[in-house]
Amino acid sequence: MVVMSVAILAACGQKKYEPVAVNEATDICVICNMQVKDDAFATQLTTKDGKNLKFDDIGCMNKWKEQNGTENIGMDYVRDYNDKEWVEYSKASYVYDESLRTPMAYGIVSFKDKTAAEAFVKEQGVGKVLTAGDLSSHEWKQNTDMMNMDMHDDNEGHMDEHSSKEDADSKEMDM
């Protein structure tokens, strides 16, 4: 009887947080009010009281944390750039370079492990591999030049994740 009571109490104390699916028709970033795409840049967190918040860029999630603190976060998630699986923020690896195109131009891409992040840097020829711990002291700034290019995008302020500067330049010429 005592063992069963202890097991029940232990189970009650362990709240399980899970990522939820992105609904592009209704999910809006709580920081920038842009549509959250079901893509490699979507992030989310669940508060300890069960409220789920979604973001279109890891930089927006960081801004929310700066404004609200982290003590009420039950779990936070990022997407693996390659297969779009949800990964716990603290367990992911990240690549930063100001030239990397992300929805709000913070230039950070997330990966499920360091090997994938290193492969991305090698393939792209740019970027620095970071941990979640490194991001706590990262200078979170947006690439304003990239933001200005994105203002001309037809995709609600988001460039396609595979777009290039040449694509943006040709769109500007077409206008």
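Return a yes/no flag: does the stretch 44-62 have any residue that is closer than 21 Å to V22 by Cα and hydroxyl-bearing (S, T, Y).
yes
V30 is checked against (1) outside any loop (DSSP other than H, G, I, E, B); (2) more than 27 Å from V126 (Cβ to Cβ); (3) at pLDDT 95 or above; (4) not basic (K, R) and fails just one. What number does that condition carry?
(1)
Considering only the stretch 72-87, I want to know if a residue exists there that is in a helix (DSSP H, G or I), over 14 Å from the mean Cα position of the chain (by Cα) and at pLDDT 95 or above.
no
Going through the stretch 119-142 one residue at a time, which ones are assigned to a helix (DSSP H, G or I), over 23 Å from W64 (Cα atoms) and touching a residue at least 24 places away in the same chain (Cβ under 8 Å)?
Going residue by residue through the stretch 119-142, those that are assigned to a helix (DSSP H, G or I) are 119-124, 132-135.
From what is left, the residues that are over 23 Å from W64 (Cα atoms) are 119-124.
Within the stretch 119-142, F120, V121, Q124 qualify.
Kindly indicate whether any position in the stretch 36-59 is in contact (Cβ under 8 Å) with a residue 12 or more places away in the chain, assigned to a loop (DSSP other than H, G, I, E, B), crowded, with 19+ Cβ neighbours inside 10 Å and β-branched (V, I, T).
Yes: the stretch 36-59 contains one or more residues that are in contact (Cβ under 8 Å) with a residue 12 or more places away in the chain, assigned to a loop (DSSP other than H, G, I, E, B), crowded, with 19+ Cβ neighbours inside 10 Å and β-branched (V, I, T).
Give the residue that is nearest to Q44 (Cα to Cα), with candidates limited to residues of the stretch 88-115 that are aromatic (F, W, Y) and not in a loop (DSSP other than H, G, I, E, B).
Only one residue fits best here, namely Y89.
If you scan the stretch 128-145, which residues turn out to be among the charged types (D, E, K, R) and either buried (at least 16 other Cβ atoms within 10 Å of the Cβ) or touching a strand residue (DSSP E or B) at 6+ places or on another chain (Cβ under 7 Å) (or both)?
K128 - this is the single residue of the stretch 128-145 that is among the charged types (D, E, K, R) and either buried (at least 16 other Cβ atoms within 10 Å of the Cβ) or touching a strand residue (DSSP E or B) at 6+ places or on another chain (Cβ under 7 Å) (or both).
Let me spell it out: the conditions are (1) in contact with a strand residue (DSSP E or B) (Cβ under 9 Å, 6 or more places away or on another chain); (2) farther than 17 Å from G59 by Cβ, and K91 meets all of them except one. Which number is the exception?
Only one criterion is unmet by K91, namely (1).
Residues that are within 16 Å of the chain's Cα centre (by Cα), surrounded by fewer than 21 Cβ atoms within 10 Å (Cβ to Cβ) and either at pLDDT below 95 or of a type outside the set (V, I, T) (or both): does the stretch 99-106 have at least one?
Checking the stretch 99-106: at least one residue is within 16 Å of the chain's Cα centre (by Cα), surrounded by fewer than 21 Cβ atoms within 10 Å (Cβ to Cβ) and either at pLDDT below 95 or of a type outside the set (V, I, T) (or both).
The values are calculated or read from the model by the stated rules, or taken from the named source; none is laboratory data. As the structure is a computational prediction, the values presented were derived from the model and not from experiment. Positions of Cβ are backbone-derived with ideal geometry, glycine not excepted, and every protein chain shown enters the neighbour counts.
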